[in-house]
1. Want the number for residue 140 to residue 45: 0.36 nm per residue separation, take away the alpha-carbon distance, what's left?
2. In nanometres, what is the gap between the two model label sites at residue 57 and residue 30, each 7 Å from Cα along Cα-to-Cβ?
3. Could you give the length gained by full extension between residue 125 and residue 151, i.e. 0.36 nm per residue of separation minus their alpha carbon distance, to one decimal place?
4. Consider a paramagnetic label point 7 Å from the Cα of residue 98 along Cα→Cβ; state which residues of the stretch 20-64 have an amide N under 15 Å from it.
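Each reported figure results from applying straightforward, stated rules to the coordinates on display, with no laboratory input. Because the structure is predicted, anything quoted here is derived from the model rather than measured. Here Cβ is always computed from backbone atoms with ideal geometry, including for glycine, and neighbour counts include all displayed protein chains.
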Amino acid sequence: MQLSAFRNATVTGSPPLSQPYRVSALSPRRPTRFDLRPDEAERAAVAGDLGLLGVPELRFRGEIRADGRHDFVLEGKLEGLAVQACVVTLAPVETRIAEPVRRRYVADYHLPEGDEIEIPQDDADEPLGTVIDPGAVMIEALSLALPDYPRAPGAEAGEIVHAAPGVAPLREADLKPFAGLASLADRLRGSNDPGASGSKEKPGDGTESESES
């Protein structure tokens with residue numbers, strides 16, 4: 001990964017796609033800027049982790065700055081191109097990404113108490129740890145920016161097939177193995193029903209069989 005640091009902040013850790021900055025080394029007065037550009041191998045690793053067909057382009061740039069005396073804010077812009085499989089045809093679907101990203105790291109962070117905890121989807125607050133990792137934020141933001149049900153142009157909302165690349169598609173009919181047995185059981189019940197036998201009454205010809213006396 002190509003990393004351009006505009007300030008000499010300490011960067012620790014060497015795992016791919018991880019670029020953690022030690023909080024103790026971040027300046028409380030000046031922002032620490034970052035510019036992450038994963039190489040081809042790293043983008044392929046991202047695609048594998050997120051179940052994508054490919055990530056031809058990916059860049060995440062921004063800054064980390066102090067927010068008050070103890071907290072920090074990460075703000076940046078995520079740009080890239082991701083390729084997913086169409087949920088209808090499995091054809092490649094490209095999605096262009098250009099998303100603002102914001103995270104606020106709070107030193108005195110407390111989760112809401114109670115039996116049911118609801119966290120708003122737009123809540124960007126997180127507990128402040130010993131490091132802030134723009135690489136991890138980049139992958140998380142990418143996964144959130146992707147469409148849940150990508151469709152190729154012209155793909156209709158018909159039968160959806162399910163399969164990984166190179167695997168025979170599993171169709172919705174294959175997910176109902178007892179549908180045929182249920183249909184057969186209905187036919188057998190119909191054949192054993194006396195009212196459904198071949199000796200059915202013929203429709204009336206408009207005359208009564210006998211006249212009442």
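1. Roughly 32.8 nm would be gained on extension.
2. According to this spin-label approximation, the distance is 3.2 nm.
3. In short, 6.1 nm is gained.
4. Flagged as within label range: 58-61.
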